[in-house]
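A short write-up of the structure that comes next.
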Amino acid sequence: MPAISRFYLEPLLRTLVALLGGFLLTRWFSTAVLALAWSPEQAVVTGMLLGFPIFAAVVVWVFVAASLRNACLGLVPPALILIYLNCGVGL
C-alpha cells in the first residue's frame, strides 16, 4: 500500500471506529442505567448526562491507542459488559 493511502486511511478508520464505538457504548450505557432502582426520569437524565463523558473517553481512547487493532480490542470488554447488563442476564 502506498504511503499516501496509509496516511489517509488510518485516521479515517480511527474516526469511524470512534464514532461508531462511541455511539454504541453510549447507547448501551444509557439503557443499562435504566436498570438502577431510581425513578425512570432520573435514570434517563443520568444516562444522558453520563453519555457525554463516555463518548469523549471512547474518542480519546481510539486516537491514543498505539494501533487501530488495539483501539478496537480495547472497546470489546466494556461493550460485552454493557451488552450483558442490557440483556437482563445480570439483573
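The values are calculated or read from the model by the stated rules, or taken from the named source; none is laboratory data. Since the structure is predicted, the reported quantities are computational estimates derived from the model, not experimental observations. Because the Cβ atoms are built from the backbone with ideal geometry, glycine has one as well, and the counts that use them run over all protein chains shown. Quick note on the areas: whole protein, heavy atoms, side chains included, nothing else; ligands and nucleic acids left out. Shrake-Rupley method; radii C 1.70, N 1.55, O 1.52, S 1.80 Å.
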Extreme residue, modelled with the highest pLDDT, among residues of the stretch 42-84 that are farther than 18 Å from R14 by Cα and hydroxyl-bearing (S, T, Y): T46
Residue check for R14: open to solvent by 90 Å² or more (accessible area, probe 1.4 Å) and either modelled with pLDDT of 95 or more or of a type in the set (K, R) (or both): no
Cβ-Cβ under 8 Å pairs, at least 6 apart or on other chains, the stretch 62-79 side without any contact (Cβ under 8 Å) to a residue 40 or more places away in the chain, far side surrounded by 13 or more Cβ atoms within 10 Å (Cβ to Cβ) and part of a helix (DSSP H, G or I): A65/A71; A65/G74; G74/W61
L20, sole failed condition from (1) in contact with a Leu (Cβ under 9 Å, 6 or more places away or on another chain); (2) under 15 Å from L73 (Cα atoms); (3) open to solvent by 90 Å² or more (accessible area, probe 1.4 Å): (1)
